[in-house]
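Every number in this text was worked out from the coordinates using simple rules, so none of it is lab data. Predicted model only: the values in this text are computed from it and were never measured. All Cβ positions, even for glycine, are placed from backbone atoms using ideal geometry, and neighbour counts span all protein chains on display.
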């Protein structure tokens, strides 16, 4: 990060007191990022290990966690796995030097909400934070669409996060569920990779289109294995959920 204090001062008041937990095994990074986010108006707590992060989640009740992956005692992926296992739905934004598509997919599959690779700019991190918190606020205020969505023989319950294919329950990861819901809510529309990244992962600064391809593939294997196929690829354009034209 460069000139972060100046950038934070330009964004002063952006955070509106929202509670963030910054987790990294390098104390200097925790201190610098925390100070910058406080300048931007956030209420920030820090942790330098996975176990300390779990304790801070219980003590501080953050509204979002900024989480490094590579930590010695309990890595970031394990922290998220434990949180989701305890039914803690606090959104998680990974901040890490691990930038492979496989790492991104793994983190998002475990229940992470976004993934930013180092080095990063403060402005980008704040934009990602705001995007994730917007989604949480929309869900909490009931602005999301109706609880039950049905398309062909697929049924989705937004409240219970349950999905059925031809009456049979299907187990989806949180990200697979979000992707299926977005496709179903926009059935018969062609959605570009950029639109999917923005609405499912909330990537305001682009993202890796390979993640979308991987998740569409995962989804097809779970809910679209029989004829007629419902999830269609339009080469060079995007994806759509529709029934075959007669």
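Worth a mention:
- Of 220, 58, 135, the one that fluctuates the most in a GNM where the chain has Cα springs shorter than 10 Å: 58
- For the stretch 153-246, convex hull of alpha carbons as volume per residue, Å³: 98
- Across the stretch 27-111, the relative contact order, built from alpha-carbon pairs under 8 Å that are at least six residues apart, equals 25 percent.
- For the stretch 12-97, average projected area of the Cα convex hull in nm²: 5.0
- Listed residues 100, 175, 160, most fluctuating in the chain (Gaussian network, C-alpha, under 10 Å): 160
- Each of 241, 70 was scored by other Cβ atoms within 10 Å of its Cβ. Arranged with the fewest first, they read 70, 241.
- Cα pair distances in the stretch 47-133, grouped into 10 Å bins until the bin that holds the longest one, percent each: 18, 55, 27, 1
- Exposure proxy order (Cβ contacts within 10 Å, fewest to most) of 221, 81, 178: 221, 81, 178
- Estimated 222 nm signal from helices in the chain, with DSSP H stretches of n ≥ 4 weighted -39500 (n - 2.57), rounded to 500: -12500 deg cm²/dmol
- When the chain is treated as a Gaussian network with alpha carbon springs shorter than 10 Å, the biggest mean-square fluctuation among 236, 17, 111 belongs to 236.
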